[in-house]
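Reading through the structure tokens given below for one structure.
The values are calculated or read from the model by the stated rules, or taken from the named source; none is laboratory data. Computed from a prediction, not measured in an experiment: that's the story for all the values here. FYI the Cβ positions are ideal-geometry reconstructions off the backbone, even for glycines, and counts take in every protein chain you see. The protein model used for the area step is the full one, side chains on, heavy atoms only, and it has no ligands, DNA or RNA in it. Shrake-Rupley method; radii C 1.70, N 1.55, O 1.52, S 1.80 Å.
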Amino acid sequence: MQVQPYLFFDGRCEEAAEFYRSAVGAEVQMLMRFKEGPGTCESGMVPPGAENKVMHMELRIGESTVLASDGRCLGQPNFQGFALALTAANDAEADRLFNALADGGNVQMPMAKTFFSSRFGMVADRFGVSWMVLVKQ
């Protein structure tokens, strides 16, 4: 069994994928646009002008898969009540990943040594997705 996060970027999915590619080395494993889904555009399920937006995307980040979509394409992504935990191999990698995710985002807890990790920090990236970056002891 697997649990995989599914993030809805509300029209900014491709932009997010490119950001995560440069920030954390994400790789797009699969991408399907709304116009490629059978009957999706004709049925009224897709807002006008969103035919080229992402219906479904699979991103590989390290050994994990994160699923993503443009969702309803309203331009107001809203990520609350969860965070993605990103485990780095060492302090230098943790700092690099944290700083990359913080670019254009909001640092919620700066990187620091804690009782459970040599480096731990929390940041909401430029899309509002919360991340906890740590080194596993």
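A few notes on this one:
- Within this structure, Glu51 passes the test of being without any contact (Cβ under 8 Å) to a residue 40 or more places away in the chain, touching a helix residue (DSSP H, G or I) at 6+ places or on another chain (Cβ under 6 Å) and not hydrophobic (A, V, I, L, M, F, W, C).
- Filtering region 85-95 to residues that are closer than 22 Å to Leu7 by Cβ and open to solvent by 10 Å² or more (accessible area, probe 1.4 Å) leaves Ala85, Leu86, Thr87.
- Taking the criterion of being under 19 Å from Val123 (Cα atoms), of a type in the set (Val, Ile, Thr) and over 11 Å from the mean Cα position of the chain (by Cα), the only residue of region 53-88 that qualifies is Thr87.
- Test: residue in region 57-77 that is among the hydrophobic types (A, V, I, L, M, F, W, C), open to solvent by 20 Å² or more (accessible area, probe 1.4 Å) and in contact with a Ser or Thr (Cβ under 7 Å, 6 or more places away or on another chain): no
- Residue within region 28-50 that is open to solvent by less than 40 Å² (accessible area, probe 1.4 Å), part of a strand (DSSP E or B) and over 16 Å from Phe8 (Cα atoms) present: no
- In region 93-112, the residues that are in contact with a helix residue (DSSP H, G or I) (Cβ under 7 Å, 6 or more places away or on another chain) and in a helix (DSSP H, G or I): Leu97, Ala100, Leu101
- Residue that is farthest from Arg12 (Cα to Cα) [pool: residues in region 97-121 that are of a type in the set (A, V, I, L, M) and open to solvent by 60 Å² or more (accessible area, probe 1.4 Å)]: Met109
- When residues of region 122-137 are limited to those that are over 14 Å from the mean Cα position of the chain (by Cα) and open to solvent by 50 Å² or more (accessible area, probe 1.4 Å), the one modelled with the highest pLDDT: Met122
- Sub-9 Å Cβ pairs linking a first residue in region 113-132 that is part of a loop (DSSP other than H, G, I, E, B) to a second residue that is basic (Lys, Arg) and crowded, with 16+ Cβ neighbours inside 10 Å, at least 6 apart or interchain, are Lys113/Arg119; Phe127/Arg12, ordered by first then second residue.
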